[in-house]
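Colleague: Provided herewith is a single structure, encoded as structure tokens, for subsequent inquiry.
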Amino acid sequence: MMSSDSEKPDADETQVKATPTAKKPEIELPAFEKSISDKIVEKFGDKVEVTFVKEDRIGIKVGRESIHDVAEFTRDVLNYDHVESVSGVDYPQDKEIEVVYHIGSYSDSSLARQILVLSTRAQREENPIPGNDATRLPTLRDVFYSVEFHEREVFEMFGVYFEGHPDNRRLLLPEDWADLPPLRKDFAIKGR
Amino acid sequence: MLKDLVTPENANVFVGKLGDILERAIDKPLGYAINWGRIWSLWPVHIETACCSVEFGAASSPRYDVERFGIIEAFGSLRQCDLVVVQGTITRKMAPRLRLVYDQMPEPKYVIAMGACAITGGLYFDSYNVLPGIDGVIPVDVYVPGCPPRPETLIQGCMLLQEKIKRMKARKFV
Amino acid sequence: MTEKFPPGLALQKVDERIMTLNVGPQHPGSGHMRIIVQIDGDYIVACDPDPGYVHRGEEKMAEYRNYITNIPHLERPVIHDSCNVLYPYVLGVEELVGIEVPERAKYVRVIASELNRCIYTMYWLAIYGIFLGHSTMFMWPAGDRELLIDLMEKMSGARVTHAHFVPGGVRNDLPPNFEDVCLRQVNYFEKRIKEYSAVFYDNPILIARTKDTGVLSREDAIRLGTTGSVLRASGVDYDLRTKEPYDVYEELDVHTNVMKEGDSYARSKVPWLDMLESCNIIRQALQKMPKSGSVRTKLKPNPKGKGLNSVYKRVESGRGSLGCYIVSDGKTEPYRLKLSVGSFRNLIALPYLLKGEKLGNMPSVYWSLNYWPVEADR
């Protein structure tokens, strides 16, 4: 009795983690997407959090210390092979900056429709000094080569320094830009 | 008599005066001829700064064919050009480069500001990286409004510029 | 030494053998970006693209405008492909707001989107002609695209900036007799672009300048995350119109064009094949389109997203997959909007392809990447 009980919560936990955060729990989750998210949860346990499972889209939230491992797992085991987009989202009320990777796959035809939305959060500084403050994340360039320019863009637009990125330089902004990183919420554009 | 007037000390002044006299004498007929030449061979610089360049390309396409009005397609080198068509938004990164391009061109040179962005900043009036018009960077001769202007509008702007050149003084011919 | 400079600035050592060459932002080709190349004799040893000359901060501006007023400035990145660049945004807003699109509107969207793809590709092909010094190749496509621009002008009222797609459908119905005119023009257009095969693609000049330059292998195309014609020219069968069909692409018969070579020639030919395919799609859509019906579901005046929600929609544009990531926090404005554009994703292949190439091959490689600087900078 006891032994089977101690196993059950473990199996329940994955269920509980996946379902309540999804938008409409009464609708049955798409099976294929669910199986992928289950694989990730099975491997990493409570290090990851499934934020949503929609048709063709899986949202996974990871802490900054395990993002590199999760990315490697998605590449090696789940056959995802490129990153479509890296976007930063600023949450001043949480004092965090979220970095979202949209990961897709060309080589696996069953994953052609799928996008894995891998998000992680970095600490946000009130007075940012891009490159020299605590707003840091490990880079994914050695896992997915295609993030190179995207991460450079996030660095200049949000001030998130990617540790291990070989080329953390400006990309789009003027060379003499001395203001706040422009896409942070506390950077106000003129007249607004 | 003339010989007595000219000494090595005032030779430069004299030659300068002679130039003035010559200019006054033949300015009108020769200036007209020179301006006529300038009007029908305007060479635009191939500098595309934003999305209006699509309509600039369409203006030199067979349907609109801006070449029949004496504006040659933008294929040449900077040093032979005398017209800058600023095709759209000038950002803070582009502005120094635009000035650099303008400064490298030989005199006389004319500027057409094409599109709302080049005139006032247009749709991007509140963007953090866009200049509110190019007047602060280079002097503008003709403004062509529109977002983007139709090729016909651009051609009309070029013809306005030609009218303007016709009335300009062709001063720097000596 | 380099640590003392702010990010983006660094001192460079001068080498006697290696010369650094700045190409752009003003150069006799097209495209307002700078490519910093280091050359050893005639060969490129390193290349560093420097985009951002048209960075207009559209993602920041989008946070200050509501879902409807965002439409005009979001189509400006690629004005000659404005329907496609707006497509993912409109799809995303529809999902956020929760609104159904009438059947006829979906077909009108597909027709407008395919027409725009042709208009974009023709302009791209024309500029490719300038790059290669082939004046006829500029004049023909630049003239022929006016046919389709006329169609779009009939449909939406504007030459290039249509703002025709709105959340809930399209802005207005097709004009009377549009189907017949469209069919006639598209048939003529198809006949016309078939002639290009003999004039451009069998042309020894074009072949000499593009064959075997900038070869991108299949593995590298996948690894670098390239998209659109660049990817399909390297032998990867990936087109969102068939892989992740949006709107009514499921009901249409779409063929994906793939070439194996992966050189500049293949990259210049795949968009041309796509144009022929677009003509097919337009004909099918005209046939299957409901002959009457509503084309727009009316929205409430200030549409709001439901709670903290995010959506990522993508479509196949002229330059490849175009994604739009919208985060909403229940207000009338998006909390964050990000466009993941094909040009920006293909840019990463440029330094990779140019390494070891001759300097003279740079134009043919650069423009074959289907790159539109305004879109990449946003």
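Colleague: Considering only residues that are outside any strand (DSSP E or B) and polar (S, T, N, Q), which ones fall in the range A:43-75?
Modeller: Correct list: A:SER66, A:THR74.
Results for (1) of a type in the set (Val, Ile, Thr); (2) within 14 Å of chain A (Cβ to nearest Cβ); (3) touching a Lys or Arg at 6+ places or on another chain (Cβ under 8 Å), shown as yes or no for each residue.
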site: C:ARG223; (1), (2), (3): no, yes, no
site: C:LEU231; (1), (2), (3): no, yes, no
site: C:TYR238; (1), (2), (3): no, yes, yes
site: C:GLU244; (1), (2), (3): no, yes, yes
site: C:VAL248; (1), (2), (3): yes, no, yes
site: C:VAL270; (1), (2), (3): yes, no, yes
site: C:ARG283; (1), (2), (3): no, no, no
site: C:GLY293; (1), (2), (3): no, no, yes
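Colleague: Of the residues that sit in the range B:62-104 and are hydroxyl-bearing (Ser, Thr, Tyr) and either in a helix (DSSP H, G or I) or in contact with a Lys or Arg (Cβ under 8 Å, 6 or more places away or on another chain) (or both), which one is nearest to C:TYR123 (Cα to Cα)? Talk me through it step by step, then tell me what you get.
Modeller: The first filter runs over the range B:62-104 and keeps only residues hydroxyl-bearing (Ser, Thr, Tyr), leaving B:64, B:77, B:89, B:91, B:102.
Of the ones still in play, those that are also either in a helix (DSSP H, G or I) or in contact with a Lys or Arg (Cβ under 8 Å, 6 or more places away or on another chain) (or both) are B:89, B:91, B:102.
Working: B:THR89: 20, B:THR91: 24, B:TYR102: 27 Å.
Within the range B:62-104, the match that is nearest to C:TYR123 (Cα to Cα) is B:THR89.
Colleague: Take the residues of the range C:176-194 that are closer than 13 Å to C:MET275 by Cα and not aromatic (Phe, Trp, Tyr): which is surrounded by the most Cβ atoms within 10 Å (Cβ to Cβ)?
Modeller: Among those that are closer than 13 Å to C:MET275 by Cα and not aromatic (Phe, Trp, Tyr), it is C:VAL186.
Colleague: When you scan the range B:108-141, how many residues do you find that are closer than 27 Å to B:GLN162 by Cβ, outside any loop (DSSP other than H, G, I, E, B) and not hydroxyl-bearing (Ser, Thr, Tyr)?
Modeller: Initial filter on the range B:108-141 (closer than 27 Å to B:GLN162 by Cβ): B:108-120, B:122, B:133-141.
Keeping just the survivors that are outside any loop (DSSP other than H, G, I, E, B) gives B:110-114, B:116-120, B:122.
From the residues that got through so far, the ones that are not hydroxyl-bearing (Ser, Thr, Tyr) too are B:111-114, B:116-119, B:122.
Qualifying residue count, the range B:108-141: 9.
Colleague: Return the residues of the range A:110-144 that are out of contact with any His (no Cβ under 8 Å at 6 or more places or on another chain), at the interface with another protein chain (Cβ under 8 Å from one of its Cβ atoms) and within 21 Å of A:PHE73 (Cβ to Cβ); say none if nothing qualifies.
Modeller: If the condition is that a residue be out of contact with any His (no Cβ under 8 Å at 6 or more places or on another chain), at the interface with another protein chain (Cβ under 8 Å from one of its Cβ atoms) and within 21 Å of A:PHE73 (Cβ to Cβ), then A:ALA112, A:ARG113 are the ones that fit.
Colleague: Among the residues of the range A:77-97, which ones are within 9 Å of chain C (Cβ to nearest Cβ) and not hydroxyl-bearing (Ser, Thr, Tyr)?
Modeller: Those that are within 9 Å of chain C (Cβ to nearest Cβ) and not hydroxyl-bearing (Ser, Thr, Tyr): A:ASP81, A:HIS82, A:VAL83, A:GLU84, A:VAL86, A:GLY88, A:VAL89, A:ASP90.
Colleague: Looking at C:ILE68, C:ILE44, C:ILE35, which is the one that is assigned to a loop (DSSP other than H, G, I, E, B) and out of contact with any Ser or Thr (no Cβ under 8 Å at 6 or more places or on another chain)?
Modeller: Just a single option satisfies the conditions, and that option is C:ILE68.
Colleague: Give me the residue from the range C:131-167 that is of a type in the set (Lys, Arg) and in contact with a Cys (Cβ under 9 Å, 6 or more places away or on another chain) and, out of that set, farthest from C:MET362 (Cα to Cα). Quick ask: steps written out before the conclusion?
Modeller: From the range C:131-167, those of a type in the set (Lys, Arg) are C:145, C:154, C:159; that's our starting set.
Then keep just the ones that are in contact with a Cys (Cβ under 9 Å, 6 or more places away or on another chain); that gives C:145, C:154.
On the way: C:ARG145: 27, C:LYS154: 39 Å.
It comes out as C:LYS154.
Colleague: Against the definition (aromatic (Phe, Trp, Tyr) and either touching a Cys at 6+ places or on another chain (Cβ under 7 Å) or under 30 Å from C:LYS300 (Cα atoms) (or both)), how does C:TYR128 come out, yes or no?
Modeller: So C:TYR128 does not fit the description; no.
Colleague: I've got another one for you. Which numbered condition in (1) within 14 Å of another protein chain (Cβ to nearest Cβ); (2) without any contact (Cβ under 8 Å) to a residue 40 or more places away in the chain; (3) surrounded by 12 or more Cβ atoms within 10 Å (Cβ to Cβ) is the only one that B:CYS51 fails?
Modeller: (2)
Colleague: Tell me which residues, restricted to the range C:277-296, are crowded, with 16+ Cβ neighbours inside 10 Å and in contact with an Asp or Glu (Cβ under 7 Å, 6 or more places away or on another chain).
Modeller: Those that are crowded, with 16+ Cβ neighbours inside 10 Å and in contact with an Asp or Glu (Cβ under 7 Å, 6 or more places away or on another chain): C:SER278, C:CYS279, C:ILE281, C:ILE282, C:GLN284, C:LEU286, C:VAL295.
Colleague: It is to be established whether one or more residues within the range B:142-152 are farther than 23 Å from C:PRO25 by Cα and in a helix (DSSP H, G or I).
Modeller: yes
Colleague: If you take the residues in the range A:172-188 that are under 16 Å from A:GLY88 (Cβ atoms) and without any contact (Cβ under 8 Å) to a residue 40 or more places away in the chain, which one is nearest to the other protein chains (Cβ to nearest Cβ)?
Modeller: So, considering only residues that are under 16 Å from A:GLY88 (Cβ atoms) and without any contact (Cβ under 8 Å) to a residue 40 or more places away in the chain, the one nearest to the other protein chains (Cβ to nearest Cβ) is A:LEU172.
Colleague: Please enumerate the residues belonging to the range A:154-171 that are within 9 Å of chain C (Cβ to nearest Cβ), within 16 Å of C:LYS338 (Cβ to Cβ) and part of a loop (DSSP other than H, G, I, E, B).
Modeller: A:LEU171
Colleague: Here's a follow-up. For the range A:103-144, name all the residues that are free of Cβ contacts under 8 Å to residues at least 40 places away in the same chain and of a type in the set (Phe, Trp, Tyr).
Modeller: Answer for the range A:103-144, where residues must be free of Cβ contacts under 8 Å to residues at least 40 places away in the same chain and of a type in the set (Phe, Trp, Tyr): just A:TYR106.
Colleague: Okay, moving on. If a residue must be among the polar types (S, T, N, Q) and buried (at least 19 other Cβ atoms within 10 Å of the Cβ), how many such residues does the range A:90-129 contain?
Modeller: From the range A:90-129, those among the polar types (S, T, N, Q) are A:93, A:105, A:107, A:109-110, A:114, A:119-120, A:123, A:127; that's our starting set.
Still in the list and also buried (at least 19 other Cβ atoms within 10 Å of the Cβ): A:105, A:114, A:119-120.
Selection size over the range A:90-129: 4.
Table: residues versus (1) part of a loop (DSSP other than H, G, I, E, B); (2) away from chain A (no Cβ under 14 Å).
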{"site": "C:GLU146", "(1), (2)": "no, yes"}
{"site": "C:ARG159", "(1), (2)": "yes, yes"}
{"site": "C:VAL215", "(1), (2)": "yes, yes"}
{"site": "C:THR227", "(1), (2)": "yes, no"}
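Colleague: Do you know which residues across the range A:98-109 are at the interface with chain C (Cβ under 8 Å from one of its Cβ atoms) and part of a strand (DSSP E or B)?
Modeller: A:VAL100, A:HIS102
Colleague: Scan C:TYR335, C:TYR312, C:TYR325 and give me the residue that is surrounded by fewer than 22 Cβ atoms within 10 Å (Cβ to Cβ), over 13 Å from the mean Cα position of the chain (by Cα) and within 11 Å of chain A (Cβ to nearest Cβ). Steps first, answer last, please.
Modeller: On the way: C:TYR312 fails: surrounded by fewer than 22 Cβ atoms within 10 Å (Cβ to Cβ); C:TYR325 fails: surrounded by fewer than 22 Cβ atoms within 10 Å (Cβ to Cβ).
One residue alone meets the criteria, C:TYR335.
Colleague: Sticking with this structure for a sec: Residue by residue through the range C:89-110, note down the ones that are farther than 19 Å from C:ARG241 by Cβ and either under 22 Å from the mean Cα position of the chain (by Cα) or among the hydroxyl-bearing types (Ser, Thr, Tyr) (or both).
Modeller: Hit for the range C:89-110 is C:VAL93, nothing else.
Colleague: Going residue by residue through the range B:28-44, is there one that turns out to be part of a helix (DSSP H, G or I), within 14 Å of chain C (Cβ to nearest Cβ) and in contact (Cβ under 8 Å) with a residue 40 or more places away in the chain?
Modeller: So in the range B:28-44, the residues part of a helix (DSSP H, G or I) come out as B:28-39.
Right, trim to within 14 Å of chain C (Cβ to nearest Cβ) and you get none.
No, the range B:28-44 contains no residue that is part of a helix (DSSP H, G or I), within 14 Å of chain C (Cβ to nearest Cβ) and in contact (Cβ under 8 Å) with a residue 40 or more places away in the chain.
Colleague: Sticking with this structure for a sec: Can you name the condition, by its number, that B:VAL101 falls short on among (1) within 8 Å of chain C (Cβ to nearest Cβ); (2) surrounded by fewer than 24 Cβ atoms within 10 Å (Cβ to Cβ); (3) touching a residue at least 40 places away in the same chain (Cβ under 8 Å); (4) under 22 Å from C:ALA142 (Cα atoms)?
Modeller: (4)
Colleague: Could you tell me whether any residue of the range A:76-87 is of a type in the set (Phe, Trp, Tyr) and in a strand (DSSP E or B)?
Modeller: no
Colleague: Kindly list the number of the only condition in (1) on the phi < 0 side of the Ramachandran plot; (2) of a type outside the set (Ser, Thr, Tyr); (3) touching a Ser or Thr at 6+ places or on another chain (Cβ under 6 Å) that fails for C:GLY168.
Modeller: C:GLY168 satisfies all of (1) on the phi < 0 side of the Ramachandran plot; (2) of a type outside the set (Ser, Thr, Tyr); (3) touching a Ser or Thr at 6+ places or on another chain (Cβ under 6 Å) except (1).
Colleague: Look at the range B:70-98 and say how many of its residues are hydroxyl-bearing (Ser, Thr, Tyr) and either over 17 Å from C:GLY52 (Cα atoms) or away from every other protein chain (no Cβ under 13 Å) (or both).
Modeller: The total comes to 1.
Colleague: Filter the range C:44-57 down to the residues that are in contact with a His (Cβ under 6 Å, 6 or more places away or on another chain) and surrounded by fewer than 23 Cβ atoms within 10 Å (Cβ to Cβ) and list them by number.
Modeller: none
Any read-out appearing in this document is the output of simple, stated calculations on the displayed coordinates, not a laboratory observation. Keep in mind that this is a model prediction, so the values were computed, not measured. Counting neighbours? That spans all protein chains shown, and the Cβs are built from the backbone with ideal geometry, glycine included.
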